[in-house]
Structure formats: structure tokens, C-alpha cells
Amino acid sequence: MDNSMTKKLIKSLGEEEVKQTWQRLGMYKAAEELTKKMGEYVSPSTLRYLSNLYDWKRPVNKLSPIYKGVMAGNVKASYYKHLIFPEEVNKNDRL
């Protein structure tokens, strides 16, 4: 965790609160909410870094372009390791 904002987030809010915010809102909206809580800018990239570092997972939003792309067969669900897809999508990972 070299980035100072990652250290600030974990120290101020704790890993669990940051993770739950990311799981509930996704990367971009969570960054906006955490920016408000911290009183300084939190980049979506910071949350991407933390989610990769700690191997966080969250259910896919069925309204998201990622989900729609997977359902259309344009992209593999397995490419998005941080997202949990419904079982039928994983069985039909088409590409």
C-alpha cells in the first residue's frame, strides 16, 4: 500500500467499511461517497487497487454494461474476477 490515500482510507475508515461501500455502490459511486466521508478526493483507481490487493468480490449489477456484454456473448465473465455472476452466466462463458 504505497499510495497515501489507500493508507488514509484504511486507517480512517477501516478495510471493512471501505470494502462494504465498494460492494454496495461499485467503484465509481463508492469513490464519490468516500470522497465526501474523507473530505478529500478518493480516486476510483484507489478502490480498484484495494479491491485487487485484498481480492474483494461483489455481485454484478444486472443493469451494468459489463453484465449486458457478458450476456450478449461479447466478453467473458471470467475476465471480471472481482464480480460474482449468476451461476448460469459462468456455465455459459461463451468466448
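Kindly indicate the residue of region 24-46 that is of a type in the set (Gly, Ala, Ser) and surrounded by 13 or more Cβ atoms within 10 Å (Cβ to Cβ) and also farthest from LYS7 (Cα to Cα) among those meeting that condition. I'd like the intermediate steps shown before the answer.
Of the residues in region 24-46, the ones of a type in the set (Gly, Ala, Ser) are 26, 30-31, 39, 43, 45.
Applying the additional criterion that residues be surrounded by 13 or more Cβ atoms within 10 Å (Cβ to Cβ) yields 26, 30-31, 43.
Working: GLY26: 20, ALA30: 17, ALA31: 15, SER43: 13 Å.
Looking at the filtered set, the residue picked out is GLY26.
Would you be able to tell me the number of residues in region 24-83 that are of a type in the set (Phe, Trp, Tyr) and part of a loop (DSSP other than H, G, I, E, B)?
To start, the set of residues in region 24-83 that are of a type in the set (Phe, Trp, Tyr) comprises 28, 41, 49, 54, 56, 67, 79-80.
Pick out the ones that are also part of a loop (DSSP other than H, G, I, E, B) and you get 41, 54, 56, 80.
Qualifying residue count, region 24-83: 4.
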Would you check which residues across region 25-44 are in contact (Cβ under 8 Å) with a residue 12 or more places away in the chain and either at positive phi or touching a strand residue (DSSP E or B) at 6+ places or on another chain (Cβ under 9 Å) (or both) and list them?
GLY26
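Read-outs: derived from the displayed coordinates by stated rules, not from any lab. Keep in mind that what you see is a predicted model, and the values were worked out from it rather than measured. FYI the Cβ positions are ideal-geometry reconstructions off the backbone, even for glycines, and counts take in every protein chain you see.
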